[in-house]
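What follows is a set of notes on a single structure, which appears directly below.
The values are calculated or read from the model by the stated rules, or taken from the named source; none is laboratory data. The shown structure was predicted, so the numbers you read here are calculated from the model rather than taken from an experiment. Methodologically, a virtual Cβ is constructed for each residue, glycine included, from the backbone with ideal geometry; neighbour enumeration extends over all protein chains shown. These accessible areas exclude ligands, DNA and RNA; they are computed on the full protein's heavy atoms, side chains included. Shrake-Rupley method; radii C 1.70, N 1.55, O 1.52, S 1.80 Å.
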Amino acid sequence: MKYYRMNSPTVISETVDQEVIIINLDDGHYHSLRGNAADLWHNVSSGVDVDKIVAAATGADAQPVLDRFVTELEAKDLISPAKGESVACGPVSWSPDDIVIESYDDMSDLLGMDPVHEVDVHEGWPKRSEDT
């Protein structure tokens with residue numbers, strides 16, 4: 001069994017009109033996932049066992065497609081291997097076609113200037129990290 005979790009609190013995601021928008025607050029990069037990639041994100045980032053995700057695929061070659069997807073998410077520091085138990089809920093049916101992560105870094109300088117990056121990790125806003 002192999003499963004992952006989103007790297008929160010430094011990574012956040014939101015679904016808007018069937019598109020998942022993921023922001024890595026550490027590097028300021030943001031990512032867009034649609035269709036099958038959005039469905040995969042919800043399953044992978046929430047701790048569903050990768051073998052269950054592959055088993056739910058329709059079509060051939062699901063394993064290498066999912067492996068590439070997970071490798072890319074890890075390389076972008078959006079997920080990491082999880083400890084403990086995997087999530088029991090089953091994944092939705094998906095097709096290995098069109099699994100694309102669109103990534104952007106044009107706002108990284110602006111996101112890096114946001115004072116939310118200076119908050120205490122445990123207490124959050126408005127407590128700044130140097131106030132501890």
Net lengthening on full extension, Gln18/Asp77 (0.36 nm per residue, minus Cα-Cα): 19.0 nm
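So, for segment 1-76, what is the accessible surface per residue at a probe of 1.4 Å, expressed in square angstrom?
49 Å²
Let me make sure I get this right: for segment 5-54, a, b and c are the square roots of the gyration tensor eigenvalues over alpha carbons, sorted descending. Under 1.5 in a/c it's rounded, otherwise prolate if a/b > b/c, else oblate. Which is it? Don't skip to the end; give the middle numbers.
Working: a/c = 2.55, a/b = 1.34, b/c = 1.91.
Because a/c hits 1.5 or more and a/b fails to exceed b/c, segment 5-54 counts as oblate.
Take Glu14, Glu74, Glu85 and sort them by solvent-accessible surface of the protein heavy atoms, 1.4 Å probe, largest at the top.
Order by accessible area, largest first: Glu85, Glu14, Glu74.
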Accessible surface of segment 5-71, 1.4 Å probe, proportion on carbon and sulfur as whole %: 52 percent
Per-residue HN-Hα couplings for segment 25-31 [Karplus 6.51, -1.76, 1.60; θ = phi - 60°; Hz; x = Gly/Pro]: 5, 6, 9, x, 7, 10, 9
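Classify segment 23-101 from the C-alpha gyration tensor, please: rounded if a/c falls under 1.5, else prolate or oblate depending on whether a/b exceeds b/c.
Numbers: a/c = 1.92, a/b = 1.26, b/c = 1.52.
Because a/c hits 1.5 or more and a/b fails to exceed b/c, segment 23-101 counts as oblate.
Counting other Cβ atoms within 10 Å, keep those with at most 10, restrict to DSSP loop, and tell me which trypsin sites (Lys or Arg not before Pro) in segment 12-92 are left.
Details: sites: Arg34, Lys52, Arg68, Lys76, Lys83; in loops: Lys76, Lys83.
Within segment 12-92, the qualifying trypsin sites (Lys or Arg not before Pro) (loop, at most 10 other Cβ atoms within 10 Å) are Lys83.
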Peptides ranked, highest mean first, by Cβ atoms within 10 Å: ranges 95-103, 35-43: 35-43, 95-103
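Given contacts defined as C-alpha pairs under 8 Å and at least six residues apart, what's the relative contact order of segment 25-92, whole-number percent? Display every interim value, and only then the final one.
On the way: 32 pairs, mean separation 30.4, N = 68.
For segment 25-92, the relative contact order is 45 percent.
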